[in-house]
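A short worksheet on the structure shown next.
Readers should treat all values here as calculations from the given coordinates under stated rules, not as data from a laboratory. The model shown is predicted, which means the values in this text are computed figures rather than measured ones. Cβ coordinates were reconstructed from backbone atoms using ideal geometry, including for glycine residues, and neighbour counts include every protein chain displayed.
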Amino acid sequence: YADIVCIGGASYGGYATMAGLVYTPELYRCGINAIGVTDQIQILENFANRASIRQSWDEEPLLEWGDISTEEGKAYAVSTSPVNYVKNIQAPLLVLQGSNDYIVEAYHAEDLISELKDKGKTYEAMFQQYEGHCVTYCGEKATLEYLEIQEDFINKYLKN
């Protein structure tokens with residue numbers, strides 16, 4: 001199915017997209033990472049300050065993604081960080097990011113793009129200047145821009 005599958009998602013779905021592209025790269029013809037975590041160490045550092053007041057995320061990330069205060073937890077976080085395995089990516093990638101995202105901050109996309117450039121990978125990227133952690137539930141103009149760039153990307157890499 002690699003000739004017909006484009007994996008994509010936002011937030012955790014963006015992380016899942018990246019995991020798919022780096023751990024099972026032969027399965028995908030293209031990928032779309034919108035506001036996705038690429039570095040577990042960076043997201044886990046001071047994570048509770050990014051969480052909503054209605055959520056008690058102080059311990060949840062430690063259980064799911066590793067306690068980076070321990071050597072074992074830090075090693076696990078490094079091993080599950082897609083940014084460390086960009087060399088494995090075979091498919092073109094679209095990176096979408098809100099410049100004002102305080103949940104998955106822009107450095108996730110910036111570091112990913114730096115690695116993509118360094119490894120000579122095919123990618124496109126768009127940063128929404130005024131948007132945060134959103135893809136289609138933000139301002140109307142931003143939503144249309146996100147949808148248009150995704151449609152163009154899919155037409156370019158999946159439909160031919």
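What does the highest-first list of 25-31, 139-145 look like by mean Cβ count within 10 Å?
25-31, 139-145
Counting each pair of different Cα atoms once, what's the Kirkwood radius of segment 85-160 in Å, rounded to one decimal? All intermediate terms of the calculation are to be shown ahead of the outcome.
Numbers: mean 1/r = 0.0760 Å⁻¹.
Hydrodynamic radius (Kirkwood, Cα pairs) of segment 85-160 is 13.2 Å.
Taking θ = phi - 60°, what integer Hz values does the Karplus form 6.51 cos²θ - 1.76 cosθ + 1.60 yield along segment 143-156, in sequence order, with x for Gly and Pro?
Rounded to whole hertz, the list is 4, 4, 5, 4, 5, 5, 5, 5, 4, 4, 4, 5, 4, 6.
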